[in-house]
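Working notes, structure below.
The values are calculated or read from the model by the stated rules, or taken from the named source; none is laboratory data. Every value quoted in this text rests on a predicted model; they were computed, and no experiment measured them. No Cβ is skipped: glycine too gets one built from the backbone with ideal geometry, and neighbour counts run over all protein chains shown.
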Amino acid sequence: MPLTATKRLRRLLATLALATGPALANEVADPNVVVDTSALAPLTASTPAGNPYRGQARAIEIGRNAFNQACARCHGVDAVNKGQVGPDLLRMDRACSRIADPSIRELCVLDNDDFFLKSVQDGKIRVGVVHMPAWKEVLSPAAIWTIRSFLESRRP
């Protein structure tokens, strides 16, 4: 069935919106973001793998502030994504939560922890398009873990 001019125009506009949406995200991390993690235990070489601040109220509070400074522009204030360009981060770990075996579920969460840390530090660039800026020069690993803790606390 042939497409009408209106349908072709709608498809073209939808394609352009999808193609340029990620490009609208900032290509450079905001250097004005300030996250004070001095109230938390410092990270050391002996800190175990994964999020060391998981479930800690103070870390969650710091993480909320950090998220709203650094991430809300693309992922929504308090991680409530209402059509922002970035993905809904509250959906992280959904696959892990469906794993029945606790030891395998824990490995899944640790893998997601590692993926989250590296994604925030290094950003996301695909085919030369910056989908997410690298934050390693702005956010310390401790600050990134507080953001992860905040996001985990917001899960439905």
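I'd like to check something: does the stretch 114-135 contain any residue that is among the charged types (D, E, K, R) and touching a strand residue (DSSP E or B) at 6+ places or on another chain (Cβ under 7 Å)?
Yes, because at least one residue in the stretch 114-135 is among the charged types (D, E, K, R) and touching a strand residue (DSSP E or B) at 6+ places or on another chain (Cβ under 7 Å).
How many residues, within the stretch 99-119, are touching a residue at least 24 places away in the same chain (Cβ under 8 Å) and either under 19 Å from A72 (Cβ atoms) or hydrophobic (A, V, I, L, M, F, W, C) (or both)?
Qualifying residue count for the region: 4.
Kindly check whether there is at least one residue in the stretch 97-108 that is β-branched (V, I, T), modelled with pLDDT of 95 or more and surrounded by fewer than 18 Cβ atoms within 10 Å (Cβ to Cβ).
yes
Across the stretch 37-70, what is the total count of residues that are under 21 Å from E137 (Cβ atoms), out of contact with any Ser or Thr (no Cβ under 8 Å at 6 or more places or on another chain) and part of a helix (DSSP H, G or I)?
5
Hey, any hits in the stretch 42-58 for a residue that's within 17 Å of L117 (Cβ to Cβ), surrounded by 12 or more Cβ atoms within 10 Å (Cβ to Cβ), among the hydrophobic types (A, V, I, L, M, F, W, C) and at pLDDT 95 or above?
Within the stretch 42-58, one or more residues are within 17 Å of L117 (Cβ to Cβ), surrounded by 12 or more Cβ atoms within 10 Å (Cβ to Cβ), among the hydrophobic types (A, V, I, L, M, F, W, C) and at pLDDT 95 or above.
Give the residues of the stretch 132-156 that are surrounded by fewer than 21 Cβ atoms within 10 Å (Cβ to Cβ) and among the polar types (S, T, N, Q), sorted by residue number.
Across the stretch 132-156, the qualifying residues are S140, S153.
Among the residues of the stretch 52-64, is there at least one that is within 20 Å of G123 (Cα to Cα) and within 14 Å of the chain's Cα centre (by Cα)?
yes
Name every residue in the stretch 79-114 that is within 12 Å of E152 (Cα to Cα), touching a helix residue (DSSP H, G or I) at 6+ places or on another chain (Cβ under 8 Å) and not in a loop (DSSP other than H, G, I, E, B), in order of residue number.
A79, L89, L90, S97, V109, N112, D113 - these are the residues of the stretch 79-114 that are within 12 Å of E152 (Cα to Cα), touching a helix residue (DSSP H, G or I) at 6+ places or on another chain (Cβ under 8 Å) and not in a loop (DSSP other than H, G, I, E, B).
Here's the yes/no breakdown for (1) within 28 Å of D36 (Cβ to Cβ); (2) among the β-branched types (V, I, T):
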{"position": "M92", "(1), (2)": "yes, no"}
{"position": "I104", "(1), (2)": "no, yes"}
{"position": "N112", "(1), (2)": "yes, no"}
{"position": "S119", "(1), (2)": "yes, no"}
{"position": "R126", "(1), (2)": "no, no"}
{"position": "W145", "(1), (2)": "yes, no"}
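Would you confirm whether any residue within the stretch 120-133 is touching a residue at least 12 places away in the same chain (Cβ under 8 Å), under 23 Å from A57 (Cβ atoms) and in a helix (DSSP H, G or I)?
Scanning the stretch 120-133, I find at least one residue that is touching a residue at least 12 places away in the same chain (Cβ under 8 Å), under 23 Å from A57 (Cβ atoms) and in a helix (DSSP H, G or I), so the answer is yes.
Of the numbered conditions (1) surrounded by 18 or more Cβ atoms within 10 Å (Cβ to Cβ); (2) basic (K, R); (3) modelled with pLDDT under 95, R91 fails exactly one; give the number of that condition.
(1)
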